[in-house]
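Note sheet for the following structure.
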Amino acid sequence: MTLRKNLMMALAAGTLFVSAAGGARAEDAMPKEGGILRYAVSDDPANFDCHSANHFAALMRLAPHYSTLLRFKPGAYPEIEGDLAESWQADPASLTYTFKIRPGVKFHDGTDLSAKDVATTYERLTFPPEGVVSERLEAFRQIEKIEAVDDHTVRFKLKEWDTSVLGTFASPWNCVYSAALLASDPTYPKEKVMGSGPFVFTDFAAGSVWTSTKFDGYFRKGQPYLEGLESYTMEGPAVVNAIQAGQIHTDFRGVSPAGAERLKQSLGDAVAIESGPSLTHFLVTFNSEKPPFNDERVRRALNLAIDRWGGAKGLGQTTEMRYAGGIFLPGGQFASTEEELKKMPGFGADIEAARAEARQLLKEAGQENLSFDLTVRNGPPIVVDFGIFLVDQWRQIGVNAKNVVVETPPWASALSEGSFEAIVDIYSALREEPTEQMTKYVSHDVSARSAGRYTDRELDKLWHDQALETDAAKRKALLRAFETRLYEKSYSLPVVWLERTVAMNAALKGWTFNPSNFLYLDQSSTWLDE
Amino acid sequence: MRNPFATAVSDGLWTEAPKHSGFLHRYVLGQPLGALGFVLIVAGFAVSLLAPFIAPYDPLATDYGNAVAAPSLAHWLGTDSFGRDLFSRILYGGRTAFLIGVSASFVGCTIGLFVGIASAYIGGWVEMIIERFLEILLAIPITVLALVLVSSLGRNLVYGIDLNLILAIALPIIPKMARVARSQALTIRSQSYIDAAVTLGFSDLRIIFRHMAPNITGPYLVLLTAFISQAILIEASLSYLGLGVTEPTPSWGLMLAGNAFNTAMTAPWIVIFPGVAIAVVVFAFSMFGDALRDALDPKARADR
Amino acid sequence: MIRYLRNRLLLAIPTLLGVATLIFFMLNVLPGDTVETMLRAEGGNPSVELVAAERARLGLDRPLIVQYGDFLAGLATLDLGQSHWTGKPVIEEVMLRLPITLQVAVLSMIVAIAVAVPLGTIAGLYQGSAIDYAIRIFAIGGIALPSFWFGMIIALVMLWSFNWLPPLGSPSLMTDPMRLLQQLILPAIAVGYRYSAILIRMMRSSVIDALHEDYVRTARAKGLRVARIVWRHVVPNSLLPTITMIGLEFALLIGSLVVIEQVFSLNGIGRLFIEAVSRSDFIVIQGIVIVLTVIFITVNLLVDLAYAAIDPRIELG
């Protein structure tokens, strides 16, 4: 198991780590058929269109109804396998990806799914027509042309070669829609759920429950195992209560450490808890246009003052903020090892020395009495907790930062308009893919994701080069160079990675634990041992 | 007959004009619950004010090694999930509660008082317009109106105090006070000494401030007290919903927000103490307010 | 009677119009709307053009006064506009959730009355005794305990001692009333306790008033049994002001419901309201305020009518 290997690495690296039941647990027995899976989802989707959505809560509802071109292989994260695609060919020379579509796949309305549906879907994602919102433009920026060569072949032509695009085809967000329905109404997916996934939509009571039943015509024979799904809109302490009372099997997003602890105590063996680093990290971004943050020394001092190792250890006792790490998933295939990290600015093992250096830098910059506002989004409570942590860290080098907690809209406009001094941000990635992860940290004019309003062509070049690099070792070296420069310049700083803790009723099997909130949500191989 | 004050105070009726003759003495003797409330208010106010001297810890200082610690000699009420001392946070949370509760109620009642008097004194179309406007405000439930204001005004922090939050809680109080003030003022307006003042050519402002307002002190104080307890509850509810006070300002409602209830079984102190703190303060103000009303109102006193 | 009703309804129109105007401008004094909240929900990064396009699609780029006219015109035809978040008609979103809120409201009232009438009567009859003090403290407790805290605590106690929680989903009153009752009883108790506190005090002082009335003295003088006097005269007469109180404090009930629905994950109008607030979905916020105001005005009207129906001395006109 790659995941397990990753986790072992993290363990060996000395990262604070509790337990991982492992992803293989489910495969031990033959899946049983039947049963209704009940789970909590934190929010309702704004509408039913996967392509315009970006919240995992929407995907938790929509994923079971759709197929994608490729997918992450159940029980084998992060391996990718074909979903609608039977096979595929990557040809760097001609800049093309060619996919063979499985024959005999049916939509829920009984019509056949062909290459045309796939091509039309990707056309909609890459070049959205008037009135259609695509959240995936960034991911598909390298795609030049999409064509259905015949009924079973789709070909993508790229502008420039990019190894990371393959993973994009496995993104659960890229639900394949029916070309025929899209032709009559390009916005049909907003109101109607109709795909070729393992479950057929039956009903949605807004604010309450979303129900679906098994699709008998699903192209994977024998799947899905479950008779149906019921997902309830609920969040907060109510979720843990409901798992404890046996009303729901789980919340795939995970529960808080306190919640997990409570379930373990009250349910014992009747609950299975899996945990590991999640692909979500918290970062703080300085506005490099605004004095004194245009002074590298000031930013660097603030970077050095953050005790990432001690912080993760302390915060990790009671919150999900459990792993110190850089811009890549700690313990993951692209991350620096702990030794490498400890040599980088802000990650040193000796926090006292780092803080002394920080004070010195502030003195040199003439900012010994630095005080500024840290803009924090009044989102999930843990984000506010993170703001509290940062302010406390900076206090220790005599900096007076103040938490300014604001609602999401003003926070969002501060982020996009640069009307902040320092701002707290969250980055949740779908998968471990450096090219995508690094868009958060390249120059402002290169990626809209980057909020620090800086221009650093050296970072941009490293980012660009690593995407083209096919040799794994050389690519890693480029990634290390990128990280080192980023932390030295301290424009925008990764601070802590969250732990994902999924507490499941012990009867729930066949679901694959993974670091992303977005994967394995179609429930095709999930089953209940009841 | 509909009692004109019934809409004003959430928890009882005001029936007659106040009488001032030495009620303090009767009050303490005849109102043990009210006296208890008063003592609790004074005590609560004192410890909040003196929080920096009493609190054993900085309410914002985190100590992760000591997170979710049970009550002990070192931490009398235990610690929260950041290792922050709950006792210190409750003391400082008291400051927030008193500050927001008292100032919101004071602002709302005072504006309401003068709006009410002015409307009764000026009369005519001004009175009509004010009345219409108040009626509109009264048609929207307090919590709902406060929430609308919170969402539209955003935050406006001055020394860590959200002025807009105070405004949001104060606004719904204005029409309630204004109503009472107006009907009291109408009675006073018809008294001969006001006519005398008008004849003597005193300015309108002088008449309103010097002659009319002091005579409405009784109902004003009663409503002020009653609305302090409501304002504290609304602040707690809004903060609980994540729409009121924000971290790191200690607030009782905020201490119950988020995942606090998840720890309720393993660390009950985290949810019990802030809830008790809210209850005690609101309890104190309610009892004091009731007793004040009874003491100021001869008819109500005769009943008890 | 008919004329009275007509006049009251006519008077309600300018009030509603005023509420609509007030809320509309309150919500629009500051910039910021739902578009960015939605597009940035989970690390999304919309381009400036995308935000502008969405805003245009929702009509948010039009001058405020045009939006206001549009809103009023819609109001005249009972059209509250479409949620910026889901794109569905606000009236549809509200109607979907209204039943559960009304059901909790009614159940809370029943709980409150069932508690308040006997306790208030006893406290009034034994005025000044230990039992009177106990009941008064119980009543003040209802006002002092934050209902969200009380609700959460009773839910945890039920979970802890009986491993029982209110059922999930949205059971219907028609097909599954028992399940609905199970779902709503805890929130109704949490809100009802608070509500009952107010009614207890009203009932108590009314009973005290009634005991001093001439007819009670006469009845006593005639040698009627105390229980009979209380049952036949004191309680019915004290119910009148208590009923009025139900209407007057209805606003308080709504306020408590907004919070308690959040605590119990009830899919009611209060939860929709909080969601709309956190999403800055102003259309939904103003729609809900209008609906709540209509309910509030209606309840007060109904109370006045009920009052007149019970007490023949009251003449409406």
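Starting from residues that are open to solvent by less than 10 Å² (accessible area, probe 1.4 Å) and at the interface with another protein chain (Cβ under 8 Å from one of its Cβ atoms), keep the ones in the range A:242-254 and report whichever is nearest to A:ALA58 (Cα to Cα).
Restricting to residues being open to solvent by less than 10 Å² (accessible area, probe 1.4 Å) and at the interface with another protein chain (Cβ under 8 Å from one of its Cβ atoms), the top hit is A:ILE248.
So, in the range A:422-439, how many residues would count as being open to solvent by less than 10 Å² (accessible area, probe 1.4 Å) and within 25 Å of A:ALA467 (Cα to Cα)?
Total meeting the criteria: 8.
So, in the range A:164-203, how many residues would count as being surrounded by fewer than 19 Cβ atoms within 10 Å (Cβ to Cβ) and either among the β-branched types (Val, Ile, Thr) or in contact with a Pro (Cβ under 9 Å, 6 or more places away or on another chain) (or both)?
Number of matching residues: 5.
Report the residue count in the range B:265-274 for those that are facing chain C (nearest Cβ under 10 Å) and surrounded by 24 or more Cβ atoms within 10 Å (Cβ to Cβ).
Summing the residues that are facing chain C (nearest Cβ under 10 Å) and surrounded by 24 or more Cβ atoms within 10 Å (Cβ to Cβ) in the range B:265-274 gives 1.
Would you mind finding the one in B:THR225, B:THR266 that is hydroxyl-bearing (Ser, Thr, Tyr) and more than 23 Å from B:LEU167 (Cα to Cα)?
Numbers: B:THR225 fails: more than 23 Å from B:LEU167 (Cα to Cα).
Every option except B:THR266 fails the conditions.
Of the residues that make up the range A:411-421, is at least one more than 18 Å from the chain's Cα centre (by Cα), closer than 24 Å to A:THR484 by Cβ and surrounded by 20 or more Cβ atoms within 10 Å (Cβ to Cβ)? Show your work before the answer.
Filtering the range A:411-421 down to residues more than 18 Å from the chain's Cα centre (by Cα) leaves A:411-421.
Next, from what is left, pick out any that are closer than 24 Å to A:THR484 by Cβ: none.
The answer is no, given that none of the residues of the range A:411-421 is more than 18 Å from the chain's Cα centre (by Cα), closer than 24 Å to A:THR484 by Cβ and surrounded by 20 or more Cβ atoms within 10 Å (Cβ to Cβ).
For the range A:92-139, name all the residues that are at pLDDT below 90, open to solvent by less than 60 Å² (accessible area, probe 1.4 Å) and of a type in the set (D, E, K, R).
A:GLU135, A:ARG136, A:GLU138
So, of the residues in the range B:150-167 that are out of contact with any Lys or Arg (no Cβ under 8 Å at 6 or more places or on another chain) and free of Cβ contacts under 8 Å to residues at least 60 places away in the same chain, which turns out to be surrounded by the most Cβ atoms within 10 Å (Cβ to Cβ)?
Per the stated criteria, the residue is B:SER152.
Collect the residues in the range C:129-168 that are more than 8 Å from every other protein chain (Cβ to nearest Cβ), more than 20 Å from B:LEU233 (Cβ to Cβ) and open to solvent by less than 10 Å² (accessible area, probe 1.4 Å), keeping them in residue-number order.
Listed by number, the list holds a single entry, C:ASP132.
Would you check if there is a residue in the range B:181-198 being touching a residue at least 60 places away in the same chain (Cβ under 8 Å) and either within 12 Å of another protein chain (Cβ to nearest Cβ) or under 16 Å from the mean Cα position of the chain (by Cα) (or both)?
no
From the list B:ALA196, B:ALA185, pick out the single residue that is among the small types (Gly, Ala, Ser), at pLDDT below 90, open to solvent by less than 10 Å² (accessible area, probe 1.4 Å) and in a helix (DSSP H, G or I).
Answer to the selection: B:ALA185.
How many residues does the range A:31-60 hold that are touching a residue at least 60 places away in the same chain (Cβ under 8 Å), surrounded by fewer than 24 Cβ atoms within 10 Å (Cβ to Cβ) and under 16 Å from A:GLU191 (Cα atoms)?
Summing the residues that are touching a residue at least 60 places away in the same chain (Cβ under 8 Å), surrounded by fewer than 24 Cβ atoms within 10 Å (Cβ to Cβ) and under 16 Å from A:GLU191 (Cα atoms) in the range A:31-60 gives 4.
So which of C:PHE282, C:PHE250, C:PHE273 ends up being of a type in the set (A, V, I, L, M, F, W, C), open to solvent by 20 Å² or more (accessible area, probe 1.4 Å) and touching a residue at least 12 places away in the same chain (Cβ under 8 Å)? Let's see the steps before the verdict.
Numbers: C:PHE250 fails: open to solvent by 20 Å² or more (accessible area, probe 1.4 Å); C:PHE273 fails: open to solvent by 20 Å² or more (accessible area, probe 1.4 Å).
None of the other options fit; the residue is C:PHE282.
Output yes when any residue across the range A:63-79 is assigned to a loop (DSSP other than H, G, I, E, B), within 24 Å of C:GLU93 (Cα to Cα) and open to solvent by less than 20 Å² (accessible area, probe 1.4 Å), and no when none is.
no
Of the numbered conditions (1) under 18 Å from the mean Cα position of the chain (by Cα); (2) open to solvent by less than 30 Å² (accessible area, probe 1.4 Å); (3) modelled with pLDDT of 80 or more, C:ILE200 fails exactly one; give the number of that condition.
(1)
Which number in (1) within 11 Å of another protein chain (Cβ to nearest Cβ); (2) crowded, with 22+ Cβ neighbours inside 10 Å; (3) among the basic types (Lys, Arg) marks the one condition that A:LYS264 misses?
Of everything listed in (1) within 11 Å of another protein chain (Cβ to nearest Cβ); (2) crowded, with 22+ Cβ neighbours inside 10 Å; (3) among the basic types (Lys, Arg), A:LYS264 misses just condition (2).
Consider the range B:33-63. How many of its residues are open to solvent by 30 Å² or more (accessible area, probe 1.4 Å) and part of a helix (DSSP H, G or I)?
13
Test B:GLY116 against the stated conditions and say whether it is within 14 Å of chain A (Cβ to nearest Cβ), crowded, with 19+ Cβ neighbours inside 10 Å and touching a residue at least 12 places away in the same chain (Cβ under 8 Å).
no
Of B:ILE174, B:ILE161, B:ILE166, which residue is more than 18 Å from B:GLU131 (Cβ to Cβ), more than 8 Å from every other protein chain (Cβ to nearest Cβ), within 17 Å of the chain's Cα centre (by Cα) and at pLDDT 85 or above?
Going through B:ILE174, B:ILE161, B:ILE166 in turn, just one is more than 18 Å from B:GLU131 (Cβ to Cβ), more than 8 Å from every other protein chain (Cβ to nearest Cβ), within 17 Å of the chain's Cα centre (by Cα) and at pLDDT 85 or above: B:ILE166.
Between a first residue in the range A:188-203 that is farther than 22 Å from A:ALA85 by Cα and a second residue that is among the aliphatic types (A, V, I, L, M) and assigned to a helix (DSSP H, G or I), which pairs have beta carbons less than 6 Å apart while being 6 or more apart in sequence or on different chains?
Pairs that qualify, where the first residue is farther than 22 Å from A:ALA85 by Cα and the partner is among the aliphatic types (A, V, I, L, M) and assigned to a helix (DSSP H, G or I), are A:TYR188/A:LEU181.
With the requirement that a residue be over 28 Å from the mean Cα position of the chain (by Cα) and in contact (Cβ under 8 Å) with a residue 40 or more places away in the chain, what does the range A:267-300 give you? First the steps, then the outcome.
Within the range A:267-300, the subset over 28 Å from the mean Cα position of the chain (by Cα) is A:267-270, A:289-298.
Matches in the range A:267-300: A:ASP269, A:ALA270, A:GLU289, A:LYS290, A:PRO292, A:PHE293, A:ASP295, A:GLU296, A:ARG297, A:VAL298.
What pairs come up if the first residue lies in the range C:99-123 and is more than 24 Å from C:ASP209 (Cα to Cα), the second is among the small types (Gly, Ala, Ser), and their beta carbons are under 6 Å apart, counting only those six or more places apart or on different chains?
If the second residue must be among the small types (Gly, Ala, Ser), the pairs left are C:ILE100/C:GLY268; C:THR101/C:GLY268; C:VAL104/C:ALA188; C:LEU107/C:ALA188; C:SER108/C:ALA188; C:SER108/C:GLY192; C:VAL111/C:ALA188; C:VAL111/C:GLY192.
Can B:ALA277 be described as closer than 23 Å to B:THR79 by Cα, open to solvent by 10 Å² or more (accessible area, probe 1.4 Å) and either modelled with pLDDT of 85 or more or not aromatic (Phe, Trp, Tyr) (or both)?
Yes: the conditions hold for B:ALA277.
State whether the residues of the range A:477-498 include one that is open to solvent by 10 Å² or more (accessible area, probe 1.4 Å), within 30 Å of A:ALA245 (Cα to Cα) and not hydroxyl-bearing (Ser, Thr, Tyr).
Within the range A:477-498 (the criterion being open to solvent by 10 Å² or more (accessible area, probe 1.4 Å), within 30 Å of A:ALA245 (Cα to Cα) and not hydroxyl-bearing (Ser, Thr, Tyr)), the answer is yes, since at least one residue qualifies.
Considering only residues that are assigned to a loop (DSSP other than H, G, I, E, B) and at pLDDT 90 or above, which ones fall in the range B:245-255?
Of everything in the range B:245-255, just one residue is assigned to a loop (DSSP other than H, G, I, E, B) and at pLDDT 90 or above, namely B:SER251.
The values are calculated or read from the model by the stated rules, or taken from the named source; none is laboratory data. Only a predicted model underlies this, so the values are computations on that prediction, with no experimental measurement involved. Cβ atoms come from the backbone with ideal geometry, glycine included; neighbour counts cover every protein chain shown. The protein model used for the area step is the full one, side chains on, heavy atoms only, and it has no ligands, DNA or RNA in it. Shrake-Rupley method; radii C 1.70, N 1.55, O 1.52, S 1.80 Å.
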